[in-house]
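For reference, the structure discussed in these notes is given below.
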Amino acid sequence: MKRKKVRMVELKTTIAQGLHVTDDSAGYDAACKRVLSEKAILARIMKSCLEEYKDCDVNDIAEKYIEGQPEVSAVPVLPDEGGTVISGMDTEDKSVREGTVTYDIRFRAIVPDSEEQIALIINVEAQNDFYPGYPLIKRGIYYCSRMISSQYGREFTGSHYKKIKKVYSIWICMKPPQYRENTITRYRLVEEYLVGEGKEPIRNYDLLSIIMLCLGGPDGSNYDGVLRMLDVLLSNETSEAEKRKILQDDYDIQMTQTMEREVSVMCNLSKGVEEKGVAKGILSSIKNLMETMGLTIEQAMAALKVPEGERQKYMDLLERQ
């Protein structure tokens, strides 16, 4: 029992904690979020996508401008009216209407060369499903709106709206439609003159932006920079050793021991997810043959050429259903 406790403590590393879960897909999603929350990764996303950091060195972004430790799946989206306001960076609120909905990754960053040291509030979302039943861009706008409205009572009170912090919602889409592969798109508020030119300082309205990074692959155009880096990092097909080599040689990302361990967890869990999918397909085929052809389970497995060593596994799975 004592040895087991020691082992559990070892698992709780900075970015690998909470990954010893029974569901491989959930563990893989958690691993992705924790790898993306590494400052070395966030800094390169910020330099490539946020105009405030385009002229900054990535090491400066990571060390000087990202405040504290990014929070992973810890900060809830503000509930509808009737819920409570987020009062701290690590609290969790619940609403009867929408339950607990958390940002994947949220953190603050200081704007370089700003006399007022304006902080940005940024959240990063990893999204596998580009068509979850609604347009992702609308969810991004919703998240930005929540991050702005939740500042009341923390960043400003009363009518001190000048203290509102700019917010970003960055979406990393791992399986976008083909026409959006290897693209980066920004959505933001802009000034448009309808009659005359009533020019307003940009800082007064440029308060929310949504960035969509749609990954693709080496066969498409624009496969370079941050898009290639994220594709390599999150790929199910790239080996752990190859990931490490590309990140270090091409992007000068020196992987820490904990980050290497997390990438290893991702690679192992992705294999588990794939194997579960294959097993589910085989099991479905066995059941179909039994129902439509009147075969026994042994005959169905023989027809499907299931290896002898794996047949007991499918017999056990079928008995549980």
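In segment 172-197, the residues that are free of Cβ contacts under 8 Å to residues at least 24 places away in the same chain reach residues that are aromatic (F, W, Y) with C-beta atoms within less than 9 angstrom, at least six apart or across chains, in these pairs: L189/Y205; V190/Y205; E191/Y205.
Scan segment 164-178 for residues that are open to solvent by 50 Å² or more (accessible area, probe 1.4 Å) and at pLDDT 90 or above and report the count. Steps first, answer last, please.
Applying the first criterion (open to solvent by 50 Å² or more (accessible area, probe 1.4 Å)) to segment 164-178 yields 175, 178.
After this cut, where a residue has to be at pLDDT 90 or above as well, the list is none.
Within segment 164-178, residues that are open to solvent by 50 Å² or more (accessible area, probe 1.4 Å) and at pLDDT 90 or above number 0.
Here segment 256-284 is the region considered, the condition is being among the small types (G, A, S) and either at pLDDT below 60 or touching a Leu at 6+ places or on another chain (Cβ under 6 Å) (or both), and the residue that is nearest to I41 (Cα to Cα) is S270. Which of the following residues is open to solvent by 20 Å² or more (accessible area, probe 1.4 Å), assigned to a helix (DSSP H, G or I) and under 19 Å from K33 (Cβ atoms): R108, R203, R146? Residue meeting the stated conditions: R146. In this structure, is D231 crowded, with 17+ Cβ neighbours inside 10 Å and of a type in the set (D, E, K, R)? It is true that D231 is crowded, with 17+ Cβ neighbours inside 10 Å and of a type in the set (D, E, K, R).
Looking only at segment 189-200, filter to residues that are open to solvent by 100 Å² or more (accessible area, probe 1.4 Å) and over 31 Å from the mean Cα position of the chain (by Cα); which one of those is nearest to S145 (Cα to Cα)? It would help to see each step written out before you state the result.
At the first step, the residues of segment 189-200 found to be open to solvent by 100 Å² or more (accessible area, probe 1.4 Å) are 190, 192, 194-195, 197, 199.
Right, trim to over 31 Å from the mean Cα position of the chain (by Cα) and you get 192, 194-195, 197, 199.
Details: E192: 21, L194: 25, V195: 28, E197: 27, K199: 24 Å.
Per the stated criteria, the residue is E192.
The values are calculated or read from the model by the stated rules, or taken from the named source; none is laboratory data. All values reported here derive from a predicted model rather than from experimental measurement. Here the Cβ is made from the backbone with ideal geometry for all residues, glycine too, and neighbour counts use every protein chain on show. To get the accessible areas, we keep the full protein, side chains included, count just its heavy atoms, and leave off ligands, DNA and RNA. Shrake-Rupley method; radii C 1.70, N 1.55, O 1.52, S 1.80 Å.
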